[in-house]
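Colleague: Before anything else, here's the structure in question.
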Amino acid sequence: MDTHLGIAASPGYAVGPVHLIATAMLVPERRSIPAAGIGTEIERFRDAVGCARSEIQELVRSISRELGADEGEILASQLLILEDELVWDATLAVIRLERINAEAAFNRAIGDIVSRFLEIEDETFRERVTDLKDVEQRVLRGFAGGGPPAFRVPHRPSVIAARNLSPSDTAALGRNNVLGFVMDEGGATSHVAILARSLGVPAVVGLKGVAAALPDGQTVGVDGIEGKVLVDPDPGAAENLRLLSRQQVVVNEKLSGLRDLPAVTPDGRRVRMMANIELPVEVDEALARGAEGIGLLRTEYLFFQHKTIPTEEDQVRVYSEIVRRMEGRPVIFRTLDVGGDKVSGYLGAKREYNPFLGWRGIRFSLANRPLFKTQIKAIFRAGEQGPIKLMFPMITGLEELREAREICAEALVELEAAGLPHARGVDLGIMVETPSAVLAAPLLAAECDFFSIGSNDLIQYTLAMDRGNSRVSYLYQPLHPAILRSIRAVVEAAHAAGIWAGLCGEMGSETRLAEVLLGLGLDEISTHGAALPKIKQVIRWTDSGEARDLVAALLQTVTSAEANAYLADYIAERKRRRLEEQP
């Protein structure tokens, strides 16, 4: 048995035979053409694009019928590539200047664009390369009259393995006989990850050559929680995964009964349970898990999805649809957070030597006031569809908060002057994710309506470690004394000022930390959808006084190792007591 680690892209467990998908890539032959043939080649290019467009439109209709309109919309973004002036201009320029056939010219143009995207150190841009290559292959087939590539769908329950899957590959797969996915490429927002979460099956991506090398029919185990793939698992390991899968089904069925129940402790303490989302497709998952609202709507996706800055109307359309679908539940928008690990070249956020300490978050937005104000106006306009809140990322002090609030006031004046319907009296809050925001929390609380703790960056900045650097990843410790004291200080400052404090980082999705967050006094916890029912269950069976005692004990520990050991013993003891109390 061999174990390989990748990126956990969709939770769950599976064991089954590999169904390997390896599609042959078309590579056009380069041919010289006479000057008189340029017009003919341009027409051939137009015809091939038209053929590709028709195929994509049919795929959009197909996947929308089977998996829903949101998944179809993801594929529909490829239609924009076919209309992109950059693609057309580059292709026509190569035909005219180099006098080569249209297939080769188009292949060259796409290759140049892909190279530029790969230079941008941002996962979202790199994943858009998959769209470009998929469109490229479809247009190249269009030169020969179209038709889908050879593609075998599984005829028995299988784990799908591939180097990567294009959007059209995922459309062809549908729901039938898919136990899970293992991919060499991709990330948490790739098409495969989104499809896997929609299907409710596990996915592990980023396996770097392991998946494509798996023999067809080889038995593999998939652990979508830990991001592990077990090749030819021994009987004990395979049975353990099957047991975990069965247990997950049972647990999910039991937890589904909590969907419409509040997260209230036995002694009456109420905590709002919210969901973190990035894509519109995740709204249904959030509602299915019983989210009381969206505690963190990451707005970067809309900007990265476009190859140009989305207009105010583009943003209003997407934001309004999300708010409308939440059916009166509040949606908290985080304004654009580019820079750092989200660099977007066309937005003007360039690569930096130390990007996490550079031009990112609110710093970028305040330096681009027209772009920032446009987004704020779009969010306010979306507020006509339901309750919204707005929060600013990477705040380090009052100056940034005051300037951001000033821009919000300007946006409201302009909306009034234009006679555009919009929300009024929107709560404005901040992400608390820097040590300076923690230390200045009493000052900041006096001038905003709520705090939302971004634990991922707060841990990173407080402990001076890059969470993406494997050499120092061991330092990422949520129970570090400095982190526990920071969260407690933020909550106390918020409550002293009469505002609420929530948490929307990954700490909120760790079941073992639920009692800790309850004991720290948080009013709201926002998690990814799959974790929400488990956190709610822990809150519903934990007395708030006991949770406060737990936190008091953890605050007496002097290292993260001591705190982790204490918490592990505490959880084990609680499990033992619950088992004894069961009839």
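Read the figures in this text as sums done on the coordinates, not as results from a lab. Quantities reported herein were computed from a predicted structural model and do not represent experimental measurements. Here Cβ is always computed from backbone atoms with ideal geometry, including for glycine, and neighbour counts include all displayed protein chains.
Colleague: Give me 541, 500 ranked fewest to most by other Cβ atoms within 10 Å of their Cβ, as a rough exposure proxy.
Modeller: With the sparsest Cβ surroundings first, the list reads 541, 500.
Colleague: If you take the alpha carbon radius of gyration of region 461-520 and divide it by 2.2 N^0.38 Å, what ratio comes out, to two decimals?
Modeller: Ratio of Rg to 2.2 N^0.38 Å for region 461-520: 1.24.
Colleague: Still on this structure, I have one more. Holding the Cα-Cα limit at 26 Å, pick out from 208/536; 254/389; 254/575; 389/536; 536/575 the pairs that are longer than that.
Modeller: 208/536; 254/389
Colleague: Turning to a different aspect of this structure: Amide H to amide H under 5 Å from residue 20: which residues, 5+ apart in sequence or cross-chain, H placed 1.01 Å off N in plane?
Modeller: Here 161, 217 satisfy the definition.
Colleague: Please list 439-452, 227-240 highest first by mean number of surrounding beta-carbon atoms within 10 Å per residue.
Modeller: In descending order of packing, they fall as 439-452, 227-240.
Colleague: Can you compute the label reach from residue 144? Point 7 Å from Cα along the Cβ direction, backbone N cut-off under 15 Å, restricted to region 7-26.
Modeller: 23-26
Colleague: Mind jotting down a quarter of the surface of the convex hull over the alpha carbons of region 260-581, in square nanometres, one decimal?
Modeller: Projected area, direction-averaged: 16.5 nm².
Colleague: Here is a follow-up. For region 387-510, give the magnitude of the charge dipole about the Cα centre (Cβ charges: +1 Lys/Arg, -1 Asp/Glu; no others), in debye to the nearest 20.
Modeller: Its charge dipole is roughly 460 debye.
Colleague: If you don't mind, another one. Tabulate in residue order the Karplus-calculated ³J(HN,Hα) for region 515-522, using 6.51 cos²θ - 1.76 cosθ + 1.60 with θ = phi - 60°, rounded to whole Hz; enter x for Gly and Pro.
Modeller: 3J(HN,Hα) across region 515-522, in whole Hz: 5, 5, 5, 4, x, 6, x, 5.
Colleague: Express in nm, to one decimal, how much length is gained between residue 559 and residue 313 on full extension, taking 0.36 nm for each residue of separation and deducting their alpha carbon distance.
Modeller: Length gained between residue 559 and residue 313: 83.5 nm.
Colleague: Which of the peptides 570-577, 271-278 is most tightly packed, and how do the rest follow, judged by the mean count of other Cβ atoms within 10 Å per residue?
Modeller: Peptide ranking by packing, descending: 271-278, 570-577.
Colleague: Now for a separate question. Measure off 7 Å from each Cα along the Cα-to-Cβ vector at residue 22 and residue 580, then give the distance between these two points in nanometres to one decimal.
Modeller: 5.8 nm
Colleague: Something else: For residue 250 and residue 36, what does the FRET efficiency come to when R0 = 51 Å and r is the distance between their Cβ atoms, rounded to the nearest 0.05?
Modeller: 0.10
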